[in-house]
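K.L.:
Got a structure for you, written out below as structure tokens; questions coming shortly.
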Amino acid sequence: MRQEDIARELGLSKSTVSRALSGKGRIGRETVTRIRNFVREQELNIEENRRTDTATRTLGVVFPNDIYVNGNPYFLECLLGICETTALLDYTTMITVSMAQNISSIRKMVEQKKVDGILLTSSLENDQALQYLLKAGCPVGLTGLCEYDEVIQVDIDNEGAAENLISMLIGKGFRKFALVMDDLSIHVNGSRYNGFCSAILKNGLRREDQAVYIGKVRKDLCDSVIQDMMDKNIECVICGDDILCSSLMSRLQAKGYSIPGDIAVASLYNSSALDSFMPQVTVINCSARIVGNVIGKQMIQFLQGREYQKKTMLDYEILMRKSTEKK
């Protein structure tokens, strides 16, 4: 805004405006404050108009590339929650998948200005997507936790939930556990692993009496893992998530093992993938749909310059069911 325009709007001379903005010359403090406040308001209005003019009212949603392989219910429920919120607030969603070493689809969204902000539904150690988005200055939200304060984050306390569940099972009399966990470079898996280890330590159990299996448990490996657990007289197997639990339950029952008679089973995450199993599985229960609702809402409120929550921790519940009944 030109100085003559400011002078005209405020009914002052151009020289008065010039001296107030440059800090040179003798002008009353009230006049200086009045002029500078007016300029600041005009700059904010210009920025708001610019943001409104260039806004797409679209959020990008990024899924890991193996979503189609695993058919993970978490991501579908989370997407439903995001879509519910965006529809309610007159936004749309644009969906893509991304690999750890290939974020070209994310770059395209940002560089072609197709979205106002991006929501990541999974985070890895040294996450290239997250680092790129922060460097590009693109508003980013995460269904999970990370070390970057600029990122809007929504999650549950996965480490605390895992620790509480294992501690409750120890309280029921279990002493020998197996933990079956996928890739620890995925933050949520690392948190759950830490919770398991913490519970073992705090409850005075020997770490060497527990069995830990890390990595993709395909069908051929699943049978080997089960045999190893039986050879070690494992009393209760803790599955890192619902997909692993579903695979393990299926193989245990196919091989004729009784649950919980021969071995108890619990999962550190619940979903519809476990609904068909009998006995019902002991789980940590939280709503991926609500996670999607909340991350979508917080991102949109941020984009609109409204009050928002930078980090939100949602409630969870531990459902103790027949799969861990102690005989």
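Quick grid of which residues meet (1) crowded, with 16+ Cβ neighbours inside 10 Å; (2) within 27 Å of the chain's Cα centre (by Cα); (3) closer than 19 Å to residue 285 by Cα:
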residue: 172; (1), (2), (3): no, no, no
residue: 179; (1), (2), (3): yes, yes, yes
residue: 187; (1), (2), (3): yes, yes, yes
residue: 192; (1), (2), (3): yes, yes, yes
residue: 195; (1), (2), (3): yes, yes, yes
residue: 205; (1), (2), (3): yes, no, no
residue: 212; (1), (2), (3): no, yes, no
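K.L.:
Say we look at region 283-311 and pick out the residues that are among the polar types (S, T, N, Q) and assigned to a loop (DSSP other than H, G, I, E, B); which of these is nearest to residue 179 (Cα to Cα)?
P.N.:
Restricting to residues being among the polar types (S, T, N, Q) and assigned to a loop (DSSP other than H, G, I, E, B), the top hit is 287.
K.L.:
If we scan region 233-244, do we find a residue that is assigned to a helix (DSSP H, G or I), without any contact (Cβ under 8 Å) to a residue 12 or more places away in the chain and either over 26 Å from the mean Cα position of the chain (by Cα) or surrounded by 14 or more Cβ atoms within 10 Å (Cβ to Cβ) (or both)?
P.N.:
No - not one qualifying residue is present in region 233-244.
K.L.:
Same structure again: List, please: which pairs have Cβ atoms under 6 Å, are six or more places apart or on different chains, and start with a residue in region 306-327 that is polar (S, T, N, Q) and end with one that is part of a loop (DSSP other than H, G, I, E, B) and surrounded by 13 or more Cβ atoms within 10 Å (Cβ to Cβ)?
P.N.:
323/259; 323/260; 323/279; 323/281; 324/260
K.L.:
Being outside any loop (DSSP other than H, G, I, E, B), at pLDDT below 90, out of contact with any helix residue (DSSP H, G or I) (no Cβ under 6 Å at 6 or more places or on another chain) and within 30 Å of residue 294 (Cα to Cα) is the requirement here; does residue 45 meet it?
P.N.:
Yes.
K.L.:
Just to verify a result, which residue in region 270-282, among those that are assigned to a helix (DSSP H, G or I) and in contact with a Pro (Cβ under 7 Å, 6 or more places away or on another chain), is nearest to residue 317 (Cα to Cα)?
P.N.:
So, considering only residues that are assigned to a helix (DSSP H, G or I) and in contact with a Pro (Cβ under 7 Å, 6 or more places away or on another chain), the one nearest to residue 317 (Cα to Cα) is 272.
K.L.:
What number of residues within region 246-269 are more than 32 Å from the chain's Cα centre (by Cα) and not in a loop (DSSP other than H, G, I, E, B)?
P.N.:
Selection size over region 246-269: 2.
K.L.:
Restricting the first residue to region 174-196 and requiring it to be closer than 15 Å to residue 267 by Cα, which pairs with a second residue that is charged (D, E, K, R) and at pLDDT below 90 meet a Cβ separation below 6 Å and a spacing of at least six or different chains?
P.N.:
Cβ pairs passing all conditions: 189/182.
K.L.:
On to the next question. With the structure loaded, tell me whether residue 84 is modelled with pLDDT of 85 or more and either more than 21 Å from residue 138 (Cβ to Cβ) or acidic (Asp, Glu) (or both) or whether it fails that test.
P.N.:
Here the answer is yes, as residue 84 does meet what is asked.
K.L.:
While we're looking at this one, here's another question. If you go through region 312-321 one residue at a time, how many are surrounded by 14 or more Cβ atoms within 10 Å (Cβ to Cβ) and outside any loop (DSSP other than H, G, I, E, B)?
P.N.:
3
K.L.:
Residue check, residue 149 against (1) in contact (Cβ under 8 Å) with a residue 24 or more places away in the chain; (2) not in a loop (DSSP other than H, G, I, E, B), all met but one. Which one?
P.N.:
(2)
K.L.:
Another question, if that's okay. Quickly run through region 54-76 and pick out the residues that are under 19 Å from residue 301 (Cβ atoms) and either charged (D, E, K, R) or modelled with pLDDT under 90 (or both).
P.N.:
Residues satisfying the conditions are 54, 55, 56, 57.
K.L.:
Report, by residue number, each residue of region 124-142 that is in contact (Cβ under 8 Å) with a residue 24 or more places away in the chain, touching a helix residue (DSSP H, G or I) at 6+ places or on another chain (Cβ under 6 Å), surrounded by 22 or more Cβ atoms within 10 Å (Cβ to Cβ) and not in a helix (DSSP H, G or I).
P.N.:
Within region 124-142, 141 is the sole residue that qualifies.
The values are calculated or read from the model by the stated rules, or taken from the named source; none is laboratory data. The model shown is predicted, which means the values in this text are computed figures rather than measured ones. All Cβ positions, even for glycine, are placed from backbone atoms using ideal geometry, and neighbour counts span all protein chains on display.
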